[in-house]
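Undergrad: I have a structure I would like to understand better, so I am pasting it below and will then ask my questions one at a time.
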Amino acid sequence: MPSAFGHALFAVSLTPFRPYKGNLLSTLLLSMACATIPDLDVLGFNFGIRYADMLGHRGFSHSILFAILMGVFVYFFFYKEEHSKTEDLISISWYFFICTVSHGLFDAMTTGGLGVGFFIPFSGERYFFSYRPIPVSPLNMQSFFTSYGWSILKEELLFIGILSFFVAVSGYFWRRLFFKET
Ligand SMILES: [Zn+2]
């Protein structure tokens with residue numbers, strides 16, 4: 001996996017695309033939460049769930065279905081009251097779906113581990129993209145503080161950082177040109 005830092009950084013770059021006005025701080029926190037939550041699946045290792053299981057690492061929590069559910073969940077818990085139209089449900093859920101699914105997309109571009117179970121629970125198959133520029137980062141926190149962990153983090157942040165920069169700039173112009181803050 002890229003580290004939580006990489007996933008969170010990309011989520012920050014998506015925030016100009018939030019389909020509603022204002023609320024930048026809560027959007028930042030929720031976007032970063034959506035992009036990092038899938039890796040909580042590593043907790044399953046403690047309960048005897050194996051990596052390759054549907055509930056294992058890069059399994060269900062990295063799937064497209066999970067991202068859809070996250071999007072809808074965030075809408076109902078945090079936005080429904082103020083944004084109650086059907087189109088709000090669709091656009092806000094879509095936004096948080098993208099934040100969440102970005103996690104699996106980056107994981108599928110890493111050099112190690114098992115692939116991502118995008119279609120769980122319908123298919124247990126694991127996928128990688130053919131383009132995999134992100135070195136896999138250590139699963140435990142201590143390894144981050146070794147020079148090996150640091151060199152991996154730098155490489156990962158460079159790739160995700162450059163991508164995030166372009167996404168954020170596009171988002172900024174999209175918001176200025178097309179998004180009506182009514
Ligand atoms: Zn992951």
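The values are calculated or read from the model by the stated rules, or taken from the named source; none is laboratory data. Keep in mind the model is a prediction, meaning the values are calculated, not measured. FYI the Cβ positions are ideal-geometry reconstructions off the backbone, even for glycines, and counts take in every protein chain you see. The area values use the complete protein model at the heavy-atom level, side chains included, leaving out ligands, DNA and RNA. Shrake-Rupley method; radii C 1.70, N 1.55, O 1.52, S 1.80 Å.
Undergrad: Assuming 0.36 nm per residue, please report the length gained on full extension of the stretch Phe159 to Leu28 beyond their Cα-Cα distance.
TA: 45.1 nm
Undergrad: With θ set to phi - 60°, apply the Karplus curve 6.51 cos²θ - 1.76 cosθ + 1.60 along region 121-126 and write out the HN-Hα couplings as whole Hz, x wherever there is a Gly or Pro.
TA: x, 7, 8, x, 5, 9
Undergrad: Just to confirm the number: angle between the C-alpha axis of helix 24-36 and the first principal axis of the chain, 0 to 90 degrees, nearest 10?
TA: With rounding to tens, the tilt is 30 degrees.
Undergrad: Further question: Set the Förster distance to 35 Å, then compute FRET efficiency between Phe173 and Ala4 from the Cβ-Cβ distance, nearest 0.05.
TA: Given R0 = 35 Å and the Cβ-Cβ separation, E is 0.80.
Undergrad: Set the Förster distance to 25 Å, then compute FRET efficiency between Tyr127 and Leu69 from the Cβ-Cβ distance, nearest 0.05. Intermediate results must be reported in sequence, preceding the final value.
TA: Details: r = 20 Å, r/R0 = 0.78.
Plugging the Cβ-Cβ distance into 1/(1 + (r/R0)^6) gives 0.80.
Undergrad: Could you order Arg18, Arg132 so the one with the most accessible surface comes first? Probe is 1.4 Å.
TA: Arg132, Arg18
Undergrad: Straight-line reach from Lys85: which lysines fall under 28 Å, measuring Cα to Cα and dropping same-chain residues less than 8 apart?
TA: Result set, ordered by chain and number: Lys21, Lys180.
Undergrad: While we're here: Considering only C-alpha atoms, what is the centroid distance from region 94-173 to region 49-68, in Å?
TA: 15 Å
Undergrad: Which length gain, in nm to one decimal place, applies between Phe145 and Phe166 when the Cα-Cα distance is subtracted from 0.36 nm times their residue separation?
TA: Contour length minus Cα-Cα distance gives 4.7 nm.
Undergrad: Next question, about the same structure. Hey, if we sort Ser13, Ser130 by accessible area with the 1.4 Å probe, largest down, what's the order?
TA: Sorted by accessible area, descending: Ser130, Ser13.
Undergrad: Subtracting the Cα-Cα distance from 0.36 nm times the residue separation, let me have the gained length for Leu114 to Asp53 in nm, one decimal.
TA: 20.9 nm
Undergrad: If you roll a 1.4 angstrom probe over the protein chains with everything in place, what fraction of the accessible area of the chain belongs to carbon and sulfur, to the nearest %? The partial results should precede the final answer.
TA: On the way: 7150 of 10000 Å².
Carbon and sulfur together cover 72 percent of it.
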